[in-house]
Amino acid sequence: MKMNTIYAEKAVSSSEARKHFKDCLSGEPVVVLSNNEPVGYMMSAAFFEGIMKALESKNDASASSFRPLSARLEVIANQNAQALSELSEDDLGLNRES
């Protein structure tokens, strides 16, 4: 049995993601499952922009000002894997102060 790491607290099926697309784009990332396997993640623009800014501040090789091809995206993802694992909620601007 293949085990997958899920990087989101909320999961939805692909059919639920289609039906409730806008709801999946609010707040924190949502993993989209197909046949109980992760096929993608959905997140708000603000959350994505926070990730990109945090990555750029940690890794000068990251640049979000262009739309890279899939091969370049793979290189960027590999370069940023370590930086992502070191990010805190403070880095992402997710302090939950009441």
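Structure data summary
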quantity: Within straight-line cross-link reach of K2, lysines at Cα separation under 22 Å, skipping those fewer than 8 residues along the same chain; calculated: K10
quantity: I6 long-range amide H proximity, modeled H, under 5 Å; calculated: none
quantity: Label point distance in nm, V39-M3, each placed 7 Å from Cα along Cα→Cβ; calculated: 2.5 nm
quantity: Whole-Hz couplings from phi, Karplus 6.51/-1.76/1.60, listed for segment 13-27; x for Gly and Pro; calculated: 6, 4, 5, 5, 4, 5, 5, 10, 3, 4, 5, 6, 9, 10, x
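Bear in mind that the values in this text are calculations on the coordinates, not laboratory data. Bear in mind the structure is a predicted one, so any value in this text is a computation, not a measurement. Ideal geometry is used to build each Cβ from the backbone, glycine not excepted, and the neighbour counts take in all protein chains shown.
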